[in-house]
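A short reminder: the numbers here are calculations on the coordinates, not readings from a lab. Note that this is a predicted model, so its numbers are computed, not measured. As a convention, Cβ positions derive from the backbone with ideal geometry for all residues, glycine included, and neighbour counts pool all protein chains shown.
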Amino acid sequence: MLKVLVAEDSVLVADMLEDFLTFKGYDVCGLARSVDEAVLLANRCEPDLAVLDFRLAGGGYGSQIRPLLNDKVDMGILYVSGDPLMDKLTKADGDAYIQKPYGLEDLCRALNIVRKIRANSTVFPATFPRSFRLLVSTAGEGENAA
């Protein structure tokens, strides 16, 4: 069972994601509202995947989390945001993002794609959910299937 960390400042959305991901067979190892909470949870439970809201409580950003993690934490990162992130994030920040609003099944498909990327498996753009983008080395060059 894959462990997933959810960093989302909206308590209602975080609870909904936890319930849905658990229903889909993921082990949600924690919910965080801020960068500090996310770093503590990730370092403690070493998740396989993370769903990170780009804007978090306290004025923090999901992209601040990865650089603060212990070296042993190597999680796939899927960002979620109402804002387009191609000019804000690169592959150094994570693996992909999906723009809000997204469907819960699309979120699961996006997490599965991130899992495949982390396992060096081939992914095909035709399988990408709506509003999904892979992060690349230079901002502004992401792939999509929209």
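Look at TYR102, TYR97 and count the other Cβ atoms within 10 Å of each Cβ; fewest to most, that gives TYR102, TYR97.
One Cα centroid belongs to segment 42-65, the other to segment 72-124; the line between them spans 13 Å. Each stretch of four or more DSSP H residues adds -39500 (n - 2.57); spread over every residue of the chain, this sum gives -8500 deg cm²/dmol at 222 nm. Charged side chains reduced to their Cβ positions (Lys and Arg at +1, Asp and Glu at -1) give segment 3-134 a dipole of some 440 debye around its Cα centre.
For the chain, a Gaussian network of Cα nodes joined below 10 Å ranks LYS72, LYS116, LYS88 by mean-square fluctuation, and the top entry is LYS72. Beta bridges from DSSP with both residues in segment 3-134: antiparallel share about 20 percent, rounded to the nearest 5. At an R0 of 41 angstrom, the distance between the Cβ atoms of SER137 and MET1 translates into a FRET efficiency of 0.80. Between VAL11 and PHE23, residue separation times 0.36 nm minus the direct Cα-Cα distance comes to 2.5 nm. Per the Kirkwood formula applied to alpha carbons, segment 67-146 shows a radius of gyration over Rh ratio, Rg over Rh, of 0.95.
Listed values [x] 17.4; [y] 14.8; [z] 16.7 include one computed from this model; for Kirkwood radius over Cα pairs in Å that value carries the label [y]. Counting lysine pairs in the chain that sit 8 or more residues apart in sequence, or on different chains, and whose Cα atoms lie under 24 Å apart gives 14. Each Lys and Arg contributes +1 and each Asp and Glu -1, all at the Cβ; summed about the Cα centre of segment 47-92, the dipole is approximately 80 debye.
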